[in-house]
Amino acid sequence: MKTRNITPPAFDCGFGLCPSIHETDRDTYLIVGKPIPQSDSHIDHSNDEVVVEVPRVLLDSWRCSAPSQNLYP
């Protein structure tokens with residue numbers, strides 16, 4: 001899988017340990033954040049999935065600056 005970091009520049013902490021958004025060549029996104037236990041999130045999911053938490057402003061900023069085309073034709 002090929003990925004491209006599309007995190008807004010304001011959230012780039014420079015050492016890779018920050019919440020981030022990545023686009024894949026499989027027409028999906030990867031979100032990096034802190035894992036939240038199912039008991040805390042109250043969101044049903046299977047054992048092979050994980051709920052992550054990222055700052056709301058990260059996604060709000062990304063949504064406003066997201067490219068409108070897929071870079072992996």
Legend entry - Under the Karplus curve 6.51 cos²θ - 1.76 cosθ + 1.60, θ = phi - 60°, whole-Hz ³J(HN,Hα) for segment 5-14, x wherever Gly or Pro sits: 6, 10, 5, x, x, 5, 9, 6, 8, x
Inset, instruction - Report the semi-axes of the equivalent ellipsoid for segment 3-65 in whole Å, largest first, where each axis is √(5λ) for an eigenvalue λ of the Cα gyration tensor. - result: 22, 14, 11
Inset, instruction - Calculate the spin-label point distance for Ile31 paired with Met1, positioning each point 7 Å from the Cα along the beta-carbon direction, and give it in nanometres. - result: 1.5
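None of the figures in this text is laboratory data; all of them are computed from the coordinates on show. It should be emphasised that the depicted structure is a prediction, and the values quoted were computed from it without experimental measurement. Cβ sites come from the backbone with ideal geometry, for glycine too, and all protein chains shown count toward neighbours.
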